Amino acid sequence: MMRSLRSQDIIKESWSSFCVTGIFGLRPFELCKIKLFGYLYIISLSICYYGLFYYSLKNSDEIFDKKLKMFNVELNYKKYMRKDVVHIFGIIMFTILMGLTEYYSLINDGSTYMYDLTWAVNLFPQIINSIAISTFVVILAKIRRRLSMINNSIVELEYLKKNEVCTIVSTEINNVFKLKLLREMYKICDNIALKINNAYGFILLMSLSLFFIAMCAHLKIVYSTFGIQNDVIDCVVDTMWTCFYFGKFVYIIDACQSYLTENESFARQVGNRDIRINACNFVAIDYSLLAKVVLALTAYVFFLSQFSCTK
């Protein structure tokens with residue numbers, strides 16, 4: 001009787017229930033004294049969520065692109081999907097590579113696993129930020145690609161109209177119908193762009209602000225270590241990080257400017273509203289913002305030089 005109340009015996013007798021609860025995430029899951037991922041139901045729900053997200057995205061693409069087929073335009077989904085995957089993973093790998101430059105520039109013989117852990121924790125937000133902005137750029141590129149096809153279709157309609165030998169009523173009606181369809185497709189792209197802008201607005205505002213602050217911080221270190229023999233590595237690494245943050249700044253602005261160019265092209269041809277990507281309605285993201293940032297960084301470097309001269 002006493003033996004049956006031992007905890008070890010109870011665990012052995014209830015191994016099936018413990019196994020089931022471990023699989024469904026109700027308790028930590030162990031196999032052969034090796035701890036495995038518990039809470040598998042969370043992983044399952046995540047897989048289902050992303051599966052449904054991909055299915056809804058693909059279904060939306062098909063509904064929208066069926067209308068494009070009326071203009072003899074068809075998208076190669078596999079080609080663009082490969083490009084998008086390579087694009088996102090390329091940004092992630094480049095971010096990790098930048099983190100490794102800092103890792104090997106600061107590591108020494110006395111470094112322990114805590115240094116590795118600290119480095120990984122510090123790099124993790126950079127990776128998350130790179131994933132966030134790269135997905136934003138990829139989604140915006142999808143919208144821009146479709147806007148470009150709409151603009152090309154309008155140009156073809158205008159070309160056909162100019163080169164018609166005789167006026168045919170059915171042809172005119174067909175062109176009017178196509179133009180209305182293109183306007184409807186533009187409105188769909190317009191609404192999607194606004195929703196994407198609202199969803200990523202705070203992330204864009206925080207990212208652009210942090211990029212500017214980080215560039216100023218690294219520029220200060222570059223300026224203070226420039227020309228010092230013992231600080232050559234620090235100067236080079238901080239210069240690379242300054243270029244990295246500036247590159248991410250240009251990366252976001254170029255994507256928004258490319259979308260704006262296609263949007264303005266449609267607005268000029270049809271007379272529709274002009275949509276500008278912004279960061280929480282705080283600042284418009286275009287090349288004018290890039291010019292302001294360059295001027296601000298130039299003024300900051302000039303301020304550093306004047307401040308060092310007075311000292």
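Rule-based calculations on the coordinates, nothing more; no lab input. For clarity, every value in this text was computed on a predicted model and none was experimentally measured. Please note: Cβ atoms are built from the backbone with ideal geometry, for glycine as well, and neighbour counts cover all protein chains shown.
I'd like to compare 247-256, 177-186: which one has the highest average count of other Cβ atoms within 10 Å, and what's the full order after that?
In descending order of packing, they fall as 247-256, 177-186.
Taking the Cβ-Cβ separation of GLU264 and VAL232 as r and a Förster radius of 45 Å, what is the calculated FRET efficiency to the nearest 0.05? Numbers along the way, then the final one.
Details: r = 47 Å, r/R0 = 1.04.
FRET efficiency, GLU264 to VAL232: 0.45.
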Extension reserve of the ALA284-SER305 stretch, reckoned as 0.36 nm per residue once the Cα distance is removed: 4.5 nm
Nitroxide proxy distance, nm - points 7 Å out along Cα→Cβ at ALA120 and THR298: 4.4
